[in-house]
1. Give me, ordered by chain and number, the residues 5 or more places off residue 47 or on other chains with an amide H under 5 Å from its own placed amide H.
2. Rounded to the nearest 0.05, what FRET efficiency is calculated for residue 148 and residue 82 with R0 set to 22 Å and r the Cβ-Cβ distance?
3. Just from its helices, what would the mean residue ellipticity at 222 nm be for the chain, if runs of 4 or more DSSP H residues each count -39500 (n - 2.57) and the sum is divided by every residue, rounded to the nearest 500 deg cm²/dmol?
4. Rounded to whole Hz and in sequence order, give me ³J(HN,Hα) for the range 140-156 from the Karplus expression 6.51 cos²θ - 1.76 cosθ + 1.60, θ = phi - 60°, writing x for Gly and Pro.
5. What do you get when you divide the Cα radius of gyration of the range 8-67 by 2.2 N^0.38 Å, with N the number of residues?
6. Running Debye on the chain with equal point scatterers at the Cα sites and no solvent, what base-10 log of I(q)/I(0) appears at q = 0.14, 0.20 Å⁻¹?
7. Using the Cα centre as the reference, give the magnitude of the dipole from point charges on the C-beta atoms of the chain (Lys, Arg: +1; Asp, Glu: -1; all else neutral), rounded to the nearest 20 debye.
8. Amide H neighbours of residue 146 under 5 Å, at least 5 residues apart or on other chains, H built in the peptide plane: list them.
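Just so it is clear, none of the values below were taken in a lab; they were calculated from the coordinates. Just so it is clear, the structure is predicted and the values come from calculations on it, not from any experiment. Counting neighbours? That spans all protein chains shown, and the Cβs are built from the backbone with ideal geometry, glycine included.
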Amino acid sequence: MVKILHAKEVSFIWDILNEIPDPEIPVISLVELGVVRGVEWVDTQLQITITPTYSGCPAMRMMEMDIEQSLRKEGITDFKIAMQYHPAWTTDWMSEATKSKLKTYGIAPPQAHTKQRIGVLISDAPTEVACPQCNSVNTKLISEFGSTACKSLMKCNDCLEAFDYFKCI
């Protein structure tokens, strides 16, 4: 059993976690998504704190299993994964670099100043979501839900490509 005792090992744990891809969007890590909220010791046990992207997110169990597997692969066995619901996860926790990775992957990233929020009527969806393929803002909302509940399905009227828009939460 490996015991992590020094601050430099905290950085090592963050590095491990930053290598774990989001199970639904493998181009970004759990750290980049903002799901990993903390790495600390509670008594002598390593505690990883995570926050779900939304209540009932089906990917959370897979994220927990991936964290557990990655830590065990490094010989770290004395740890606990704690779920933190407050404050609620928000797309504001994504960096511009993460949003850029989403766009390159073909997902329109969340917009900083959109009126759209989970649970808001479709008519309140943002009016200018740029297509990640051709950058046109001549796009339309097809469905409030895309490949996952945290994304909407959009279509570009110029290049005719359908794409996911990561909703602002």
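1. HN-HN under 5 Å from residue 47: 40, 41, 42, 80.
2. Using R0 = 22 Å, I get an efficiency of 0.40.
3. About -7000 deg cm²/dmol.
4. Coupling constants for the range 140-156: 9, 7, 9, 8, 4, 10, x, 5, 9, 5, 8, 10, 9, 8, 10, 9, 8 Hz.
5. For the range 8-67, the normalised Cα radius of gyration is 1.11.
6. At q = 0.14, 0.20 Å⁻¹ the computed log10 ratios are -0.74, -1.25.
7. Using Cβ point charges on Lys, Arg, Asp and Glu, the chain gives about 260 debye.
8. Distant-sequence amide H within range of residue 146: 151, 152, 153.
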